[in-house]
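One structure is given below, encoded as structure tokens.
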Amino acid sequence: MSSAGEKEMSDIIVLDHVEKVYHRDALEIPVLKDIALRVPQGEFLALMGPSGSGKTTLLNLIAGIDQPTRGRILVGGVDISTISQTRLAKWRSQTIGFIFQLYNLIPVLTAFENVELPLLLTRLSRAERRRHVETALSIVALSDRMDHYPRQLSGGQEQRVAIARAIVSDPAILVADEPTGDLDAKSAEEILILLKRLNEEFAKTIVVVTHDPKAASRAHRMIHLDKGVLESDELTETGHLRRV
């Protein structure tokens, strides 16, 4: 796992006049309208807005899960709006770590096996995979739970396993969709502290969708979406990177 040195100020994520339209029969449903956004490397960015504002769609576009109807998206210098699905899948596995609200752990696998899953598609040896998994579980303070199944863990522990799975391949970017939305206040606080540590100590660029102002306040910057339009863009009290 790489650690933070001097933070680079280059933009790792660039959205240029991005639009997303879904089609239902003959009906066009615009979800994102002319989005222009730059995210410097090493930034912790929060996306806020009411339900249906386009936050998750924007997150999915940045992560290469979905593709824009119009516009251009560059992540780490790669134009992910034009590359093939095969290349996109490989790029995604190497560049993006996903954290979901409901953890998405496989119940019949142990914590260790859940974290190992993304590495099974790599050329790493079994011993190398084990080292990566043990490192990731150590970072989230769950080395003593690696043989436990999800049902034997608390919600906060399950989310920490999910975060270990997201970081096990050492991606440059973490995207999180309501990562504290299903947790009690204490567990949510632990997850926010962990995300802050991953940003500051391990230089991860983090983009998080949240309804929670407390969670958003941990970010360097908040952007607000409403009805698919980027309404406002502000630094939080912790913000220290340049503003777009």
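Every number in this text was worked out from the coordinates using simple rules, so none of it is lab data. Quantities reported herein were computed from a predicted structural model and do not represent experimental measurements. Ideal geometry is used to build each Cβ from the backbone, glycine not excepted, and the neighbour counts take in all protein chains shown.
How would you classify segment 86-141 from its alpha-carbon gyration tensor, with a ≥ b ≥ c the square roots of the eigenvalues: rounded for a/c under 1.5, else prolate if a/b is greater than b/c, otherwise oblate?
Verdict is oblate for segment 86-141.
Read phi for every residue in segment 188-195 and hand back ³J(HN,Hα) as whole Hz from Karplus 6.51 cos²θ - 1.76 cosθ + 1.60, θ = phi - 60°, with x for Gly and Pro.
In residue order, the calculated couplings are 4, 4, 4, 5, 5, 4, 5, 4 Hz.
Can you show me the helix-derived [θ] at 222 nm for the chain, built from DSSP H runs with n ≥ 4 at -39,500 (n - 2.57) apiece and divided by the number of residues, rounded to the nearest 500.
-9000 deg cm²/dmol
Based on the alpha-carbon set only, what is the convex hull volume of the chain divided per residue, in Å³?
With only Cα atoms used, the chain gives 133 Å³ per residue.
Given Cα positions, please report Rg to Rh for segment 34-150, the hydrodynamic radius being the Kirkwood one. It would help to have the intermediate numbers written out before the result.
Working: Rg = 16.9 Å, Rh = 16.7 Å.
Expressed as Rg/Rh, it is 1.01.
How much FRET efficiency would the formula 1/(1 + (r/R0)^6) give for Thr135 and Trp91, where r is the Cβ-Cβ distance and R0 is 22 Å, rounded to 0.05?
That pair, Thr135 with Trp91, gives E of 0.45.
Past 25 Å, Cα to Cα, is the threshold; run Lys55/Lys204; Lys33/Lys186; Lys33/Lys214 against it and keep the listed order. Each step should come with its number before you reach the end.
Details: Lys55/Lys204 20 Å; Lys33/Lys186 37 Å; Lys33/Lys214 27 Å.
In this structure, Lys33/Lys186; Lys33/Lys214 lie more than 25 Å apart at Cα.
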